[in-house]
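Everything on this sheet refers to the single structure shown next.
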Amino acid sequence: MTKTCSHAQQSPLAVDRPAEGSERQLIDDLIQSMDHPSAVIAEIAVGSHFLGIRADDNGKVLAGLSSTLGAVPTGEERQMVDAMVGKTLGEAADLLKSSRGFSISLGVAALNTSIAAPQHQPDFEASKIMAEKGKDGETVLVGDFPFTDRLRQQVKTLHLFELQRVAGRTPPDQWDDILGRCSVLGLTGTTLLTRAMATYLEKAPQAYTVIIGPTTPLSPVLFSHGADVLAGSQVVSPGPVFDGIRQGMSFREFKKLGIQFVAWSKDTI
């Protein structure tokens, strides 16, 4: 049996090692791509499902978020959240290199807060472009999304990579072989939290790859690592969104309070 990638849909998020190898390189590249590393953190919203950060860069308000995948902060990490207010986004983003799940999530939220979303991108949905690209070959979807069942009907073959025992998932011992031949890869942005994003990108270099979800960093660095489309989001109304995060709302619930979806294609660079 070949060794398979660890997958994003573990809950709660459990990481017990710092980033290494290609994953560390990806993280270093993402941190280097930050647009506002010196912005000062003004607020951190902590919920059971998501983290949000609001920062100030010479009067410009910035906001971003990340999933926690259920990671529960330790007592030390709770104190760290309070201590991070007043520090820079660059300092917080360094937590991406941590070995603890909640700290990694905080680092990704800082990263996403610091990245300026691309402007005036074409209006298209990730699932629609995957359906178009997947008509003739094999499509891999990493993570069980709301559109999974619909996409299964639209593509020739859909393989669902999901560690939780959901209906229609592909057995993990088949994942590596399928990654090596698939033509389309839909990858949840939370694989950055679980130290698996770089591995997926490396194992399917031939695939048209879409990184999906609110945790997805909207950084062109991901294009150079193999992504073709970044389908993420930006926070346009931090107050209501952060209230929803603190209340433990799901993304589906609080996205209506001030989230704008962004889909950025490599072809538009």
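At-a-glance table
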| quantity | calculated |
| --- | --- |
| Residue list for the range 216-257, restricted to those being assigned to a loop (DSSP other than H, G, I, E, B), more than 25 Å from His36 (Cα to Cα) and of a type outside the set (Ser, Thr, Tyr) | Gln247, Gly248, Met249 |
| Identity of the residue in the range 38-74, of a type in the set (Val, Ile, Thr) and touching a residue at least 40 places away in the same chain (Cβ under 8 Å), that ends up surrounded by the most Cβ atoms within 10 Å (Cβ to Cβ) | Ile53 |
| Subset of the range 149-186 that is of a type in the set (Gly, Ala, Ser) and on the phi < 0 side of the Ramachandran plot - its residue that is surrounded by the fewest Cβ atoms within 10 Å (Cβ to Cβ) | Ala167 |
| Among residues of the range 77-93, those that are of a type outside the set (A, V, I, L, M, F, W, C) and in contact with a helix residue (DSSP H, G or I) (Cβ under 7 Å, 6 or more places away or on another chain), counted | 1 |
| Only listed residue being polar (S, T, N, Q) and crowded, with 21+ Cβ neighbours inside 10 Å, chosen from Thr194, Thr268 | Thr194 |
| Residue match in the range 214-230 (condition: surrounded by fewer than 19 Cβ atoms within 10 Å (Cβ to Cβ), under 20 Å from Ile53 (Cβ atoms), among the small types (Gly, Ala, Ser) and touching a helix residue (DSSP H, G or I) at 6+ places or on another chain (Cβ under 6 Å)) | no |
| Helices (runs of 4 or more DSSP H) fully within the range 21-122 counting 1 or more residues that are under 15 Å from Leu218 (Cα atoms) | 21-32, 89-93, 101-114 |
| Number of the condition not met by Gly213 [criteria: (1) closer than 21 Å to Gly143 by Cβ; (2) in contact with a Lys or Arg (Cβ under 8 Å, 6 or more places away or on another chain)] | (2) |
| In the range 83-139, the residues that are in contact (Cβ under 8 Å) with a residue 60 or more places away in the chain, within 18 Å of Asp57 (Cα to Cα) and surrounded by fewer than 16 Cβ atoms within 10 Å (Cβ to Cβ) | Ala116 |
| Given (1) in contact with a Gly (Cβ under 8 Å, 6 or more places away or on another chain); (2) among the hydrophobic types (A, V, I, L, M, F, W, C); (3) more than 21 Å from Asp82 (Cβ to Cβ); (4) at pLDDT 95 or above, index of the condition Val40 fails | (3) |
| Selection count where residues are more than 20 Å from Ile129 (Cα to Cα) and either part of a helix (DSSP H, G or I) or in contact with a helix residue (DSSP H, G or I) (Cβ under 8 Å, 6 or more places away or on another chain) (or both), scope the range 152-177 | 9 |
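The values are calculated or read from the model by the stated rules, or taken from the named source; none is laboratory data. Just so it is clear, the structure is predicted and the values come from calculations on it, not from any experiment. No Cβ is skipped: glycine too gets one built from the backbone with ideal geometry, and neighbour counts run over all protein chains shown.
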